[in-house]
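What follows is one structure encoded as C-alpha coordinates, with my remarks underneath.
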(Lines give C-alpha, C1' and ligand atoms only; values in the text may rest on other atoms or scores of the structure.)
Protein backbone atom coordinates (compact mmCIF):
# COMPACT_ATOMS: atom_id res chain seq x y z
CA UNK A 1 0.00 0.00 0.00
CA UNK A 2 1.58 3.27 -1.08
CA UNK A 3 1.39 6.45 0.97
CA UNK A 4 -0.35 9.57 -0.24
CA UNK A 5 1.83 12.29 -1.68
CA UNK A 6 2.03 15.42 0.46
CA UNK A 7 1.36 18.72 -1.29
CA UNK A 8 3.82 21.52 -0.50
CA UNK A 9 1.46 24.49 -0.32
CA UNK A 10 4.26 26.89 0.55
CA UNK A 11 6.04 25.88 -2.66
CA UNK A 12 2.82 26.40 -4.62
CA UNK A 13 2.62 29.89 -3.11
CA UNK A 14 5.94 30.74 -4.76
CA UNK A 15 4.71 29.45 -8.11
CA UNK A 16 1.47 31.35 -7.66
CA UNK A 17 3.36 34.59 -7.04
CA UNK A 18 5.12 33.98 -10.36
CA UNK A 19 1.72 33.85 -12.08
CA UNK A 20 1.27 30.10 -12.46
CA UNK A 21 -2.31 29.08 -13.28
CA UNK A 22 -1.21 25.48 -12.76
CA UNK A 23 -0.30 26.30 -9.15
CA UNK A 24 -3.70 27.94 -8.62
CA UNK A 25 -5.45 24.81 -9.91
CA UNK A 26 -3.28 22.59 -7.71
CA UNK A 27 -4.23 24.70 -4.68
CA UNK A 28 -7.91 24.44 -5.52
CA UNK A 29 -7.72 20.69 -6.16
CA UNK A 30 -5.84 20.13 -2.91
CA UNK A 31 -7.73 22.44 -0.57
CA UNK A 32 -11.01 23.39 -2.22
CA UNK A 33 -13.04 20.66 -0.52
CA UNK A 34 -11.56 21.33 2.94
CA UNK A 35 -12.14 25.07 2.63
CA UNK A 36 -15.70 24.46 1.46
CA UNK A 37 -16.45 22.27 4.49
CA UNK A 38 -14.95 24.87 6.80
CA UNK A 39 -16.95 27.70 5.24
CA UNK A 40 -20.13 25.62 5.33
CA UNK A 41 -19.64 25.05 9.05
CA UNK A 42 -19.92 28.84 9.45
CA UNK A 43 -22.45 29.98 6.83
CA UNK A 44 -24.66 26.84 6.88
CA UNK A 45 -25.55 27.20 3.19
CA UNK A 46 -23.95 25.13 0.43
CA UNK A 47 -24.25 27.75 -2.31
CA UNK A 48 -22.84 30.46 -0.06
CA UNK A 49 -19.93 28.24 1.02
CA UNK A 50 -19.12 27.56 -2.64
CA UNK A 51 -19.22 31.30 -3.34
CA UNK A 52 -16.95 32.00 -0.37
CA UNK A 53 -14.32 29.53 -1.57
CA UNK A 54 -14.44 30.98 -5.08
CA UNK A 55 -14.03 34.48 -3.65
CA UNK A 56 -11.03 33.37 -1.58
CA UNK A 57 -9.23 31.93 -4.59
CA UNK A 58 -10.07 34.98 -6.70
CA UNK A 59 -8.70 37.24 -3.96
CA UNK A 60 -5.55 35.13 -3.66
CA UNK A 61 -4.99 35.25 -7.42
CA UNK A 62 -5.65 38.99 -7.72
CA UNK A 63 -3.33 39.71 -4.78
CA UNK A 64 -0.68 37.09 -5.56
CA UNK A 65 2.05 39.74 -5.86
CA UNK A 66 1.37 40.82 -2.27
CA UNK A 67 1.75 37.34 -0.76
CA UNK A 68 4.62 37.10 1.70
CA UNK A 69 7.04 34.16 1.46
CA UNK A 70 6.81 33.40 5.19
CA UNK A 71 4.29 31.46 7.24
CA UNK A 72 1.97 28.53 6.67
CA UNK A 73 0.14 29.19 3.40
CA UNK A 74 -2.50 26.53 4.02
CA UNK A 75 -3.34 28.17 7.35
CA UNK A 76 -3.46 31.53 5.55
CA UNK A 77 -6.12 30.17 3.17
CA UNK A 78 -8.20 28.80 6.05
CA UNK A 79 -8.02 32.15 7.85
CA UNK A 80 -9.05 33.91 4.63
CA UNK A 81 -11.98 31.51 4.31
CA UNK A 82 -13.02 32.15 7.91
CA UNK A 83 -12.87 35.92 7.45
CA UNK A 84 -14.73 35.86 4.13
CA UNK A 85 -17.43 33.60 5.59
CA UNK A 86 -17.95 35.86 8.60
CA UNK A 87 -17.94 38.95 6.37
CA UNK A 88 -20.72 37.39 4.32
CA UNK A 89 -22.81 36.80 7.44
CA UNK A 90 -22.31 40.37 8.62
CA UNK A 91 -23.02 41.82 5.18
CA UNK A 92 -26.34 40.01 5.10
CA UNK A 93 -27.17 41.09 8.66
CA UNK A 94 -27.57 37.52 9.78
CA UNK A 95 -25.07 37.84 12.62
CA UNK A 96 -23.32 40.72 14.33
CA UNK A 97 -20.63 38.36 15.61
CA UNK A 98 -19.62 34.75 15.17
CA UNK A 99 -19.39 32.11 17.87
CA UNK A 100 -18.04 28.57 17.74
CA UNK A 101 -21.36 27.51 19.24
CA UNK A 102 -22.87 28.23 15.81
CA UNK A 103 -20.59 25.76 14.03
CA UNK A 104 -22.50 23.24 11.93
CA UNK A 105 -20.44 20.44 10.41
CA UNK A 106 -21.54 17.96 7.76
CA UNK A 107 -21.17 14.24 8.57
CA UNK A 108 -17.44 13.55 8.82
CA UNK A 109 -15.86 10.38 7.51
CA UNK A 110 -12.40 8.96 7.96
CA UNK A 111 -11.26 6.42 5.42
CA UNK A 112 -8.81 3.56 4.99
CA UNK A 113 -7.03 2.03 2.05
CA UNK A 114 -9.19 -0.43 0.09
CA UNK A 115 -7.36 -3.47 1.49
CA UNK A 116 -7.84 -2.39 5.11
CA UNK A 117 -11.45 -1.37 4.48
CA UNK A 118 -12.40 -4.93 3.56
CA UNK A 119 -11.19 -6.19 6.94
CA UNK A 120 -12.20 -3.25 9.13
CA UNK A 121 -15.40 -1.94 7.52
CA UNK A 122 -17.48 -2.43 10.69
CA UNK A 123 -14.83 -0.78 12.86
CA UNK A 124 -14.61 2.16 10.44
CA UNK A 125 -18.39 2.63 10.56
CA UNK A 126 -18.37 2.64 14.38
CA UNK A 127 -15.48 5.11 14.53
CA UNK A 128 -17.25 7.48 12.11
CA UNK A 129 -20.45 7.33 14.18
CA UNK A 130 -18.52 8.02 17.37
CA UNK A 131 -16.76 11.02 15.80
CA UNK A 132 -20.02 12.48 14.55
CA UNK A 133 -21.61 12.14 17.99
CA UNK A 134 -19.03 14.55 19.44
CA UNK A 135 -20.18 18.12 20.28
CA UNK A 136 -19.79 20.44 17.28
CA UNK A 137 -16.84 22.48 18.58
CA UNK A 138 -15.05 19.37 19.81
CA UNK A 139 -15.65 17.62 16.48
CA UNK A 140 -14.36 20.60 14.48
CA UNK A 141 -11.16 20.78 16.52
CA UNK A 142 -10.67 17.01 16.34
CA UNK A 143 -11.15 17.12 12.55
CA UNK A 144 -8.68 19.96 12.08
CA UNK A 145 -6.00 18.27 14.19
CA UNK A 146 -6.46 14.62 13.25
CA UNK A 147 -7.85 14.83 9.71
CA UNK A 148 -6.56 18.14 8.33
CA UNK A 149 -3.20 17.87 10.09
CA UNK A 150 -3.10 21.26 11.81
CA UNK A 151 -1.03 21.77 14.95
CA UNK A 152 -2.67 22.89 18.18
CA UNK A 153 -1.31 26.43 17.89
CA UNK A 154 -2.55 26.70 14.28
CA UNK A 155 -6.07 25.60 15.22
CA UNK A 156 -5.95 28.02 18.15
CA UNK A 157 -5.05 30.89 15.81
CA UNK A 158 -7.71 29.94 13.29
CA UNK A 159 -10.53 29.54 15.83
CA UNK A 160 -9.28 32.32 18.14
CA UNK A 161 -8.81 29.98 21.09
CA UNK A 162 -5.86 29.21 23.34
CA UNK A 163 -3.62 26.23 22.45
CA UNK A 164 -4.52 24.73 25.84
CA UNK A 165 -8.23 24.84 24.96
CA UNK A 166 -7.51 23.04 21.70
CA UNK A 167 -5.43 20.42 23.51
CA UNK A 168 -8.21 19.89 26.06
CA UNK A 169 -10.85 19.50 23.34
CA UNK A 170 -8.75 16.89 21.52
CA UNK A 171 -8.31 15.06 24.82
CA UNK A 172 -12.07 15.11 25.42
CA UNK A 173 -12.68 13.78 21.91
CA UNK A 174 -10.21 10.92 22.35
CA UNK A 175 -11.72 9.96 25.72
CA UNK A 176 -15.22 9.89 24.24
CA UNK A 177 -14.06 7.85 21.25
CA UNK A 178 -12.23 5.31 23.41
CA UNK A 179 -15.28 5.09 25.69
CA UNK A 180 -17.38 4.15 22.66
CA UNK A 181 -15.34 0.96 22.25
CA UNK A 182 -15.34 -1.61 25.07
CA UNK A 183 -12.01 -3.21 26.04
CA UNK A 184 -11.13 -6.22 23.92
CA UNK A 185 -8.57 -8.98 24.15
CA UNK A 186 -5.46 -8.79 22.03
CA UNK A 187 -6.98 -11.34 19.66
CA UNK A 188 -10.07 -9.17 19.17
CA UNK A 189 -8.47 -5.74 19.24
CA UNK A 190 -8.58 -3.82 15.93
CA UNK A 191 -5.46 -3.54 13.81
CA UNK A 192 -6.10 0.21 13.53
CA UNK A 193 -6.44 1.66 17.06
CA UNK A 194 -7.89 5.10 17.59
CA UNK A 195 -5.35 7.92 17.09
CA UNK A 196 -3.36 9.10 20.06
CA UNK A 197 -3.16 12.71 21.21
CA UNK A 198 -0.97 14.95 19.05
CA UNK A 199 1.83 17.01 20.52
CA UNK A 200 2.23 20.73 20.01
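The values are calculated or read from the model by the stated rules, or taken from the named source; none is laboratory data. This structure is a prediction, so every number in the text was calculated from the model and none was measured. Glycine gets a Cβ as well: all are built from the backbone with ideal geometry, and neighbour counts include every protein chain shown.
Quick notes
- Check on residue 85, part of a helix (DSSP H, G or I) and either modelled with pLDDT of 55 or more or farther than 14 Å from residue 36 by Cα (or both): yes
- Filter pass, residue 74 being more than 24 Å from residue 22 (Cα to Cα) and modelled with pLDDT of 90 or more: no
- Selection from the range 40-56 of residues that are part of a helix (DSSP H, G or I), more than 13 Å from residue 91 (Cβ to Cβ) and either touching a strand residue (DSSP E or B) at 6+ places or on another chain (Cβ under 8 Å) or touching a residue at least 12 places away in the same chain (Cβ under 8 Å) (or both): 40, 41, 42, 49, 50, 53, 56
- Tally of residues being surrounded by 14 or more Cβ atoms within 10 Å (Cβ to Cβ) and over 14 Å from residue 9 (Cβ atoms) across the range 22-44: 9
- Extreme residue, nearest to the chain's Cα centre (by Cα), among residues of the range 66-75 that are in a helix (DSSP H, G or I) and over 17 Å from residue 25 (Cα atoms): 75
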